[in-house]
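Below is one structure, written out as structure tokens; comments come after it.
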Amino acid sequence: MPGLFLAMALQAAAPPQPAAPPAPVAQAMVTHRAPRPPHRFHFHMPRLPRPPRGPGRNAGPDSGAVAKLLTDLAVTPAAVCGMAVAGLGNGWDDWGGQAGANALHDEALGVRAERALFQTSLQDPRAVPVLAASLGRPEPCVRRAAARLLGHSNLPEATRALRDGLQRPDPLVREAAALGLGIMEDPGSLEALMGALGDRNVEVVRMAAWAL
């Protein structure tokens, strides 16, 4: 959470404190746990085929997939778009576990695999300019999608794009960039977000305060 971002930065600068010894009651609970009862039921659910292992397994969406997503979101009703963007990266598919156990029989595997692309952080640098340009789109949902995808990426290009966005003349871009940096929780962006607290636009200030 963004509030944790600032707390972590301050904690890192403080001298380490010695850990207090556990209380007797807590120590007793740790050392004398009751054994767990055995599971009574064992279900063996069918699995859908997993995506192939290899370099592309965790590659995330490429620039083409990102451009298509943003285009589709722009023509989606605002409420539906907002729900879709809120789900970006939030476990749409569990390929590592009981994948497909609750899938309807006529759900296309290709569609589910396309959704699963956006569970993984962005790794294609070519998608960064596409997302950076979308931080100023008129549709709030598309701006949020661009900020989330950049914020969840560990690409240095994504970090630079969000920091640069804080300096853009368009307040929509600055607000979305602050959102992305709050999601990213990059300690190196702390100074940039602190500077945004003095922005002339109240919505940028509000978002920067949230990000911190």
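A short reminder: the numbers here are calculations on the coordinates, not readings from a lab. Remember, it's a predicted structure, so these values are computed and weren't measured experimentally. Heads up, the Cβs are rebuilt from the backbone with ideal geometry, glycines too, and the neighbour counts pull from every protein chain shown.
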Ranked packing of 78-85, 205-212, most packed first, by mean Cβ within 10 Å: 205-212, 78-85
Per-peptide average of other Cβ atoms within 10 Å, ordering 124-130, 198-204 highest first: 124-130, 198-204
Solution diffusion estimate, µm²/s, Stokes-Einstein, the stretch 159-202, Kirkwood Rh from C-alpha pairs, 37 °C, viscosity 0.692 mPa s: 324 µm²/s
In order through the stretch 155-161: 3J(HN,Hα) via Karplus (6.51 cos²θ - 1.76 cosθ + 1.60), integer Hz, x for Gly, Pro: 6, x, 5, 5, 4, 5, 4
Contact order relative to length of the stretch 121-195, as percent, for alpha carbon pairs under 8 angstrom and 6 or more apart: 31 percent
